[in-house]
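In what follows, a single structure is set out as structure tokens and then discussed.
What follows draws every value from the coordinates through simple rules; no lab data is involved. This is a predicted model, so every value here is computed, not measured. Note that each Cβ is placed from the backbone with ideal geometry, even for glycine, and that neighbours are counted across all protein chains shown.
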Amino acid sequence: MPLLRQLQQEGIRINVITHSLGARVLLTALNILGDPHPFKTGVFPYAHRAAKQFVVLHSVNDPILGGRARIELIARHLGVSVAEARARVATITRNPIGKALNEWVAAQLRPDEHEATLREAAIGTAGGAYPKKWWRFLDAGLGGPLRGKYDNFMRKQRGARPPTIHWDRLEDALMREMQAHSHLDSVDPEQVPEYQLLTPIATRGLIQEPHVERYLMQLRDLVENGFKTNSKPRPALGHVGFEEVQGTDVFIRDKLEEERFAFVKQDDWLFTHSGMRIPDVPLFENVYRDQIWKRFLSKSGFGHYS
């Protein structure tokens with residue numbers, strides 16, 4: 001973060017390439033550069049202000065982000081028979097999805113690419129890892145992504161019934177936390193509020209009373225509906241790209257028209273999530289060389305004599 005800020009202040013243009021969770025790290029830094037309040041909520045509403053262009057490379061065949069594993073291509077990539085690849089993937093899929101995810105992460109740290117790739121394929125047979133972050137928990141009144149955050153405001157019931165929520169106590173606690181930070185200067189980057197209970201909505205500026213009231217209303221609706229909403233969460237951009245979501249997102253559509261956002265469809269070359277980390281020859285030539293390096297050269301003037 002300090003390095004990006006220093007380069008920005010010196011007027012030095014840079015290009016940053018990230019992969020997987022590395023994009024989250026970069027977007028966090030860009031979000032801070034785009035707005036003086038670096039909230040820790042996992043969303044990045046101001047990141048677009050700090051960069052001239054964002055290019056998303058995506059593949060519907062990424063088994064971690066939601067794509068179904070293409071065993072034939074994976075077998076060819078690893079140099080094993082299709083039968084052997086299918087057999088090893090079938091063995092892995094007998095384990096619970098949580099164990100498969102943990103073993104895949106551990107395999108990333110080892111030099112054996114075969115193991116990591118085959119575990120990706122196994123996870124892909126279950127629909128990928130990314131959608132699982134939205135699975136709801138049926139045993140908690142405040143389940144899903146909020147599980148554990150508001151446990152002190154829940155009362156357990158007898159038997160298998162879900163706990164009830166002390167809404168009055170929760171509302172009072174949220175309002176008090178909001179008021180405790182109301183004295184801060186909303187434009188001073190040195191005065192950053194440290195929200196705890198309000199982190200799910202701490203995405204921009206200081207939180208005001210209407211924000212808390214709306215949050216409580218939405219939270220009640222979610223609980224009453226068992227954390228079911230009328231629409232599914234948007235798929236990962238690394239899976240579908242901007243093209244898939246621009247029809248329902250005016251902001252993205254505008255950025256695409258301005259050429260601030262761009263995408264590269266790499267379905268024909270990327271069929272493992274780790275493929276960008278350890279690219280084979282077709283992926284390197286078609287993506288790294290043609291889509292990243294040549295794009296960089298055409299726009300930066302790098303290597304040109306003045």
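Taking 7 Å along the Cα-to-C-beta vector as the label spot, tell me the residue 10-residue 256 distance in nanometres, rounded to one decimal.
Here the modelled spin labels are 3.7 nm apart.
Once the other residues with Cβ under 13 Å from the Cβ of residue 286 are scored (Lys, Arg +1; Asp, Glu -1), what is the net sum?
Result for the local shell: -1.
Among residues other than residue 58 whose Cβ falls under 9 Å from its Cβ, what is the net charge (Lys/Arg +1, Asp/Glu -1)?
Charge balance near residue 58 sits at -3.
May I ask you to order 8-21, 211-224 by the average number of other C-beta atoms within 10 Å around their residues, highest value first?
Packing proxy ranking, top to bottom: 211-224, 8-21.
If we sort 256-268, 49-61 on the protection proxy, mean other Cβ atoms within 10 Å, highest first, what's the order?
Packing proxy ranking, top to bottom: 49-61, 256-268.
How far is it, in nm, from the label point at residue 194 to the one at residue 281 when both lie 7 Å from their Cα along the line to the Cβ?
Output for this residue pair reads 5.6 nm.
What are the residues whose amide H is under 5 Å from the amide H of residue 54, where those residues sit 5 or more places off or on another chain and H is modelled from the backbone?
261, 262
In the neighborhood of residue 252, defined by Cβ-to-Cβ distances under 14 Å, what is the net charge if each Lys or Arg adds +1 and each Asp or Glu adds -1? Don't jump to the answer; show the numbers that get you there.
Numbers: positive: 234, 253, 255, 260; negative: 243, 244, 249, 254, 257, 258, 259.
The answer is -3.
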